1. Has segment 189-201 got any residue that is open to solvent by 10 Å² or more (accessible area, probe 1.4 Å) and touching a helix residue (DSSP H, G or I) at 6+ places or on another chain (Cβ under 8 Å)?
2. Looking only at segment 203-225, filter to residues that are hydrophobic (A, V, I, L, M, F, W, C) and in a loop (DSSP other than H, G, I, E, B); which one of those is least open to solvent (accessible area, probe 1.4 Å)?
3. Output the number of residues of segment 401-412 satisfying the condition of being closer than 16 Å to K38 by Cα and either buried (at least 20 other Cβ atoms within 10 Å of the Cβ) or free of Cβ contacts under 8 Å to residues at least 60 places away in the same chain (or both).
4. List pairs: first in segment 380-400 and of a type in the set (F, W, Y), second surrounded by 13 or more Cβ atoms within 10 Å (Cβ to Cβ), Cβ under 8 Å, 6+ apart or cross-chain?
5. Filter segment 50-72 down to the residues that are more than 18 Å from V265 (Cβ to Cβ) and either open to solvent by less than 10 Å² (accessible area, probe 1.4 Å) or touching a residue at least 12 places away in the same chain (Cβ under 8 Å) (or both) and list them by number.
6. Filter segment 84-119 down to residues that are closer than 30 Å to D174 by Cβ, among the β-branched types (V, I, T) and open to solvent by less than 30 Å² (accessible area, probe 1.4 Å), then give me how many there are.
7. So which of I389, I369 ends up being at pLDDT 95 or above, more than 19 Å from the chain's Cα centre (by Cα) and either among the aliphatic types (A, V, I, L, M) or not in a helix (DSSP H, G or I) (or both)?
Amino acid sequence: MQREQLHNQLKNQFDLLIIGGGITGVGAARDAARRGLKVALIDMQDLAFGTSSRSSKLVHGGLRYLEQFEFSLVFEAVSERRILMNIAPHLVTPLGFLFPVYKSSRHNVWTINLGMWVYDGLSLFRSPKMHRNLSLKEIAIEEPALSDKGLKGAPLYYDCATDDARLTLENALDASEHGAVIGTYLKAKSFVRDQNQRITGVTVEDVLSGDAFDVASHTVINATGPWSDRTRNLEKSETTKSLRPTKGIHIVVDTNKLKINNAVVCFHPDDGRVLFAIPWGDRTYIGTTDTDYQEDPSDVAASSNDVDYLIEASNYYFSDNPLNRDDVISTWAGVRPLVAEESDGEDGSESSVSREHSIRIDGDGLITIAGGKLTTYRRMGAEVVEHAISKLKQFEQLPEKLADASTDVEPLPGAVGWPESGNVDDIARQILAVAGQSLAQDSATLLANTYGTKGIDIAHLVAEKRELAERLNSERPEILAQVEYALSKEIAYTVRDVLIRRTQIFFRDYDQGLGCCERVAEYMAQQLGWTSETKAHEIDMYKAEVERSRQWQVG
């Protein structure tokens with residue numbers, strides 16, 4: 001969409017304006033738009049720029065929260081896990097989790113097994129698969145890389161993996177299909193208020209063009225995650241803090257360096273923090289850390305100590321496959337917007353802070369939602385929209401009749417028309433049939449797994465323009481048609497949008513996309529009418545992101 005057209009759409013009167021294009025914000029936008037509310041959503045960066053593309057990429061119930069007796073959180077999460085598997089089967093896929101128990105472990109196999117039964121019970125025994133206890137012989141077959149020194153047993157249970165950035169994107173696209181106006185690179189500068197100082201809109205600045213204008217709305221939701229306190233205090237001299245942000249980082253290595261078949265639950269040998277080693281196609285990633293963080297969330301990055309901490313844990317559990325710093329292909333770092341509490345847990349540690357969410361309404365009417373988990377985003381979105389509807393009723397500004405959002409049953413865009421077989425390979429075959437011989441099998445598989453049924457739309461682009469089957473990297477399956485699709489259908493405006501969040505080249509490619517960023521920038525310049533200066537700027541900005549992810553190498 002052209003920026004001028006976007007600006008014109010945003011100059012209408014809205015029922016609800018959402019600040020923040022992370023998973024919670026887009027979940028609320030989808031819910032509200034499907035109810036029939038006039039919705040706008042803005043973000044100062046790309047969709048899923050922050051925490052929502054830098055998570056552990058898991059949709060899970062949070063087995064470890066049972067130890068903290070947060071049964072309601074676990075029950076809510078496992079219930080949402082089942083819903084997400086149904087509405088987004090291409091994005092939320094079952095994954096085995098192996099829980100090795102050693103002689104030095106703080107819980108024995110019997111206790112862990114009991115916890116597994118409680119976990120399966122809270123899911124009403126509708127987990128992707130029931131857990132089972134593996135013998136030492138079975139463990140050696142299932143995960144041969146895992147150290148067997150002092151190993152006593154290992155339950156195997158099931159949760160789900162996801163593409164967090166694309167889950168965010170598809171919620172935004174569905175909201176857009178139902179009338180929501182989605183605007184990225186629009187920064188909230190100040191609030192618009194009526195004579196009673198109640199917020200009635202936001203003054204925004206277009207980061208790409210420099211234009212500024214007002215967006216009028218009867219209600220405003222602050223869903224800016226780790227930026228929540230900053231948004232609440234846009235115009236205040238005194239800062240009100242409601243969050244305890246913590247940083248989490250992950251490292252990515254080649255599967256040839258560390259090959260695992262399931263996510264392996266690890267406890268760091270130094271401090272006992274829970275970590276995961278997770279299979280990711282031709283890559284494996286390991287994370288996450290959990291340390292207090294008070295700096296700008298936009299600048300968060302892995303440190304040298306962070307990376308060494310994860311490598312140490314991996315080498316403890318996979319001693320026959322030791323990693324070193326040279327094995328790290330890429331890193332990502334995110335900030336958790338955890339809600340601060342007076343106690344912050346019994347020991348005051350970062351990991352003890354609750355993952356529950358909170359909704360608060362300030363005296364000027366601003367509704368802020370923070371905290372929570374990726375897994376429960378849909379329910380959080382519905383809850384915060386209910387608060388907005390209450391405000392609309394209070395001021396007699398609610399539309400006459402609202403529809404049922406049905407976000408628990410209506411599929412996300414890539415799951416519309418999902419084959420009855422439930423087999424993603426059937427979609428890959430359709431993609432090959434449409435695209436013809438110019439598209440390779442690995443690219444068709446990638447499109448099916450990434451876009452679901454929307455991958456067929458990309459296949460049609462290839463059928464119309466064979467040059468779009470060109471690989472972005474000769475050794476990888478991503479193709480130029482994905483760039484075209486990102487620009488025309490997926491609200492992408494920058495090289496960073498395309499290579500970091502619309503594809504995962506930034507994380508998976510050995511050179512993190514540096515070898516193809518100029519080619520991508522050239523294509524985008526042709527499609528978007530960039531000047532040579534803009535193109536050069538975009539290339540520089542992408543290189544800066546790569547440097548940020550590598551700054552741990554120099555301390």
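The values are calculated or read from the model by the stated rules, or taken from the named source; none is laboratory data. Because the structure is predicted, anything quoted here is derived from the model rather than measured. FYI the Cβ positions are ideal-geometry reconstructions off the backbone, even for glycines, and counts take in every protein chain you see. What goes into the accessible areas is simple: the full protein's heavy atoms, side chains included, and nothing from ligands, DNA or RNA. Shrake-Rupley method; radii C 1.70, N 1.55, O 1.52, S 1.80 Å.
1. Start the filter on segment 189-201 by keeping residues that are open to solvent by 10 Å² or more (accessible area, probe 1.4 Å), which leaves 189-198, 200.
Narrowing further to those that are touching a helix residue (DSSP H, G or I) at 6+ places or on another chain (Cβ under 8 Å): none.
There is no residue in segment 189-201 that is open to solvent by 10 Å² or more (accessible area, probe 1.4 Å) and touching a helix residue (DSSP H, G or I) at 6+ places or on another chain (Cβ under 8 Å).
2. First, pick out the residues of segment 203-225 that are hydrophobic (A, V, I, L, M, F, W, C): 204, 207-208, 212-213, 215-216, 220-221, 223.
Narrowing the set further to residues that are in a loop (DSSP other than H, G, I, E, B) leaves 207-208, 223.
Working: V207: 77, L208: 81, A223: 11 Å².
Only one residue fits best here, namely A223.
3. First, pick out the residues of segment 401-412 that are closer than 16 Å to K38 by Cα: 401-405.
Still in the running and either buried (at least 20 other Cβ atoms within 10 Å of the Cβ) or free of Cβ contacts under 8 Å to residues at least 60 places away in the same chain (or both): 405.
The number of residues fulfilling the criteria is 1.
4. F395/H218
5. Here is the first cut: in segment 50-72, the residues more than 18 Å from V265 (Cβ to Cβ) are 50-54, 69, 71-72.
Answer for segment 50-72, where residues must be more than 18 Å from V265 (Cβ to Cβ) and either open to solvent by less than 10 Å² (accessible area, probe 1.4 Å) or touching a residue at least 12 places away in the same chain (Cβ under 8 Å) (or both): G50, T51, S52, S53, R54, F71.
6. So the count comes out to 2.
7. Values: I369 fails: more than 19 Å from the chain's Cα centre (by Cα).
Unique residue meeting the criteria: I389.
To keep it simple, each residue is scored yes or no on (1) surrounded by 21 or more Cβ atoms within 10 Å (Cβ to Cβ); (2) over 21 Å from the mean Cα position of the chain (by Cα); (3) at pLDDT 95 or above.
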| position | (1), (2), (3) |
| --- | --- |
| S237 | no, yes, no |
| R244 | no, no, no |
| N256 | no, yes, yes |
| K259 | no, yes, yes |
| A263 | yes, no, yes |
| R273 | no, yes, no |
| I286 | yes, no, yes |
| S303 | no, yes, yes |
